[in-house]
Amino acid sequence: MSVPGDAGAAGEARGPAPQVGTAGRILQAALASFAGRGYDSTSLDALAAGLDVRKQTILYWFPSKEALLEAVVDQCASELSTVLEASLHRAGDGWGKVEAVVRSVFRLAARRPEVLGLVRETGRLGPPASTRFLAALGPLVDGASAFLEAEMDAGHLRRHEPRLLLVAIYSTVIGMLTEVEVLRALGEEPTARSLVRRRRELLDLLRSALVASGPEGEP
């Protein structure tokens, strides 16, 4: 599903190319199951049956279910980092960067909903999965914090504690996208129009909370 109003995103980095071959097929199947059914409800036997391979084939590449989860978390963190970094590099300053990140996450949710589903699942699982995921995003979080602090110092954004602000933005975005995933789980596929509406509502909320003054957050 594409999201209207994002035609200019055609050149956006799509994240690292998925692994191919048997290991890649296993990772993609595990990602879909962990994100959709949940880690606890996923068995290696079921994954093997779905892939038409032996369970020992999975264990050859990933020696345990925990090791498979680690590999899936690493892959999703890498993909999410690549997408967000690309949007940050293309965007301007102030509010433009915040908006670019939100738009890129919504595009990813429309194109690769299982990635956002895995983010939600790692949060539910807690450590060590959530710790591993956040550690992989550490450099991106550090850069985003520095950017927010500089924009606040310049008067483009209202003063907040940068890392707490990132947590609030993250929670808001993931919460809204989780609502989309719940609809999917209930058999109601969100439309492009509904995704655009949710994105617009979120951007309006963030803009009113962050922009210091002026239409583009200029002092």
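For Leu164 and Glu201, what is the calculated FRET efficiency with R₀ set at 30 Å and r taken between the beta-carbons, to the nearest 0.05? Write down the numbers at each step before the final one.
Details: r = 22 Å, r/R0 = 0.74.
About 0.85, to the nearest 0.05.
Inter-label distance, Ala135 to Ala154: 3.4 nm, where each label sits 7 Å from its Cα along the C-beta direction.
Compute the Cα gyration tensor for the stretch 94-167, then decide on rounded, prolate or oblate, letting a ≥ b ≥ c be the square roots of its eigenvalues: rounded whenever a/c is under 1.5, prolate when a/b is larger than b/c in the other cases, and oblate in all that remain.
Numbers: a/c = 2.83, a/b = 1.53, b/c = 1.85.
Judged from the Cα gyration tensor, the stretch 94-167 comes out oblate (a/c at least 1.5, b/c at or above a/b).
Legend: Rg and Dmax of the stretch 69-210, from Cα coordinates, 15.1, 47 Å.
For the pair the stretch 29-71 / the stretch 128-156, the C-alpha centres are spaced 31 Å from each other.
Rule-based calculations on the coordinates, nothing more; no lab input. Everything numeric here is computed off the predicted structure, so don't read it as measured data. A quick note on method: Cβ atoms are made from the backbone with ideal geometry, for glycine too, and the neighbour counts reach across all protein chains shown.
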